[in-house]
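What follows is one structure encoded as structure tokens, with my remarks underneath.
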């Protein structure tokens with residue numbers, strides 16, 4: 001092949017690339033890299049919406065708009081269920097997303113429902129109401145911390161204790177039911193909400209088993225009865241939103257004690273405060289300090305398991 005023909009062929013190929021008629025080789029194409037960066041923003045955006053919904057719920061509770069505050073907690077609950085599924089479906093799960101979701105849950109399901117409970121029901125008793133609401137926030141933070149520690153070894157079909165979103169939805173459902181029935185008895189409301197709020201906090205840090213819906217596969221075929229039940233549920237949610245939210249939240253909160261009465265128990269306790277293995281400095285001989293003590297068994301017979 002002559003040098004001129006080779007040069008003309010290269011110029012023709014270059015012109016095709018410039019005019020768009022030619023395409024680069026397949027290995028150099030990266031069509032999904034930008035898509036994956038965009039999809040990564042979706043779960044973080046959903047979590048942010050839930051966080052802002054919790055903040056707006058606190059603002060509404062302080063200003064006396066209790067129904068709006070309750071609805072904002074429910075919106076945060078929906079966002080909390082969506083962000084994890086979207087992250088797993090798009091394969092964009094990350095440790096950052098897990099930590100960000102936990103921080104959002106503390107605000108949306110810990111502080112926001114406590115503010116709603118205090119402003120709506122516990123305010124007449126003053127400092128005692130602040131203490132009761134504060135215990136709810138403390139229990140929700142402890143519950144989330146325990147969940148993060150035990151995620152790897154926990155049973156996927158059961159929660160250990162009442163989930164924090166479930167307790168928050170219970171307070172929202174009570175507020176919506178109070179408005180639905182047009183009740184007006186602040187003293188009775190305060191008397192009932194003190195033990196209810198404390199009971200919800202105790203259930204969160206307890207070992208009562210609660211059903212988990214993380215193992216439910218939406219892509220599998222469902223029975224006709226289940227489809228009809230879902231349609232009835234959606235209809236009730238649209239027609240009687242206040243009452244339906246109260247009934248569903250109450251049913252879920254009572255499902256844990258019902259499982260215990262049926263005889264279901266969780267596995268042995270998973271230690272929460274385990275020692276964390278840290279790198280130790282070496283001495284002049286190249287061995288870590290305390291090696292001789294471990295050989296003689298004076299400290300402990302077995303080193304901590306690798307986490």
*asked:* Can you tell me the length gained on complete extension of the stretch residue 192 to residue 228, counting 0.36 nm per residue apart and subtracting the Cα distance?
replied: 9.4 nm
*Consider a paramagnetic label point 7 Å from the Cα of residue 237 along Cα→Cβ; state which residues of region 100-117 have an amide N under 16 Å from it.*
none
*Can you pull the one-decimal nm distance between simple spin-label points at residue 99 and residue 248, each 7 Å off the Cα toward Cβ?*
3.3
*Convex hull over the Cα atoms of region 40-261, averaged projected area in nm²?*
12.7
_For peptides 250-260, 72-82, sequence by mean Cβ density within 10 Å, most packed first_ = 72-82, 250-260
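Counting other C-beta atoms within 10 Å, which of 55, 66, 96, 159 has the fewest, and how do the rest follow?
The order, fewest Cβ neighbours first, is 96, 55, 66, 159.
Based only on other Cβ atoms within 10 Å, what is the fewest-to-most ordering of 169, 234?
So the ranking, lowest neighbour count to highest, is 234, 169.
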*asked:* Could you tell me the calculated FRET efficiency between residue 42 and residue 212, based on Cβ-Cβ distance and R0 = 30 angstrom, to the nearest 0.05?
replied: 0.80
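Throughout, read-outs are computed from the coordinates displayed, never taken from laboratory work. All figures in this text were calculated on a predicted structure; none of them were measured in a lab. Quick reminder, even Gly has a Cβ in these numbers, built from the backbone with ideal geometry, and neighbours come from all protein chains shown.
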